[in-house]
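The next block holds one structure in the form of structure tokens; read it before the comments.
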Amino acid sequence: PDNLYRWHLNRAIAIRNSNGNITKWVGTSTDIQSQVEIKETLLGLKQLTDSVIQDAPVLLWAVDKNGIFTYYDGKVAKILGLKAQDRIGISIFDLYDGRAEIAGNVRRALQGETVTGESQIGNVFLENKFSPQFDSLANINGVVGLSIDITEKKRQYRELQKFEQIFKWKLWA
């Protein structure tokens, strides 16, 4: 009545006579406007989330209860020269065996503890948060990790320490 277009899902079946000719069509038309609008909204939110993950100095990752990567993305991944396919399906415990600041903290998160800490991969310093992930029955089914690139912050701190050392030395000299 308001001359607006709406999305519909149409289904039809041809009714044929004994000669195989179509004599009529029988069908339904279902208004799916709200489903299309929800899908468009979710797609927009996904694009926004993807953009934030790609532009912010973060790495967002997830592992299942066995420590197998199920998600791995973010600007830090690019800085490290890694892609999702380099990690998805791989065990975090195999990759970081012996590194308590990574594998050990994932194990702690799998026990229900939210853990924060720092790590270094190559020349990149990371501040990490390891959070248990729960299923609908409140069972832990994995860990979600957020790693933030703090390399520049570390560099600035080292420069400040050097300055303080020089200043103290000259003050006492």
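The values are calculated or read from the model by the stated rules, or taken from the named source; none is laboratory data. Computed from a predicted model, the values in this text were never measured in an experiment. All Cβ positions, glycine included, derive from the backbone under ideal geometry; neighbour counts span all protein chains shown. All accessible areas refer to the heavy atoms of the entire protein, side chains included, with ligands and DNA or RNA removed. Shrake-Rupley method; radii C 1.70, N 1.55, O 1.52, S 1.80 Å.
A few comments on the model shown:
- Largest first and in whole Å, the equivalent-ellipsoid semi-axes of the range 56-100 read 18, 12, 9, each the square root of five times a Cα gyration tensor eigenvalue.
- If R0 equals 22 Å, the separation of the Cβ atoms of residue 164 and residue 129 corresponds to a calculated FRET efficiency of about 0.15.
- Listed residues 92, 32, 150, most fluctuating in the chain (Gaussian network, C-alpha, under 10 Å): 32
- Note that the range 20-59 shows a convex hull volume over its alpha carbon atoms of 109 Å³ per residue.
- Accessible area per residue in Å² at 1.4 Å probe, computed on the chain: 72
- A run of the chain free of exposed loop cleavage sites, with chymotrypsin sites (Phe, Trp or Tyr not before Pro) counted only in DSSP states other than H, G, I, E and B and at most 14 other beta carbons within 10 Å, reaches its longest extent at 8-173.
- Size-normalised alpha-carbon gyration radius of the range 21-153, reference 2.2 N^0.38 Å: 1.46
- Rg(Cα) / (2.2 N^0.38 Å) computed for the range 84-151, rounded to two decimals: 1.13
- Using 0.36 nm per residue and subtracting the Cα-Cα separation, the extra length available between residue 24 and residue 114 on full extension is 26.0 nm.
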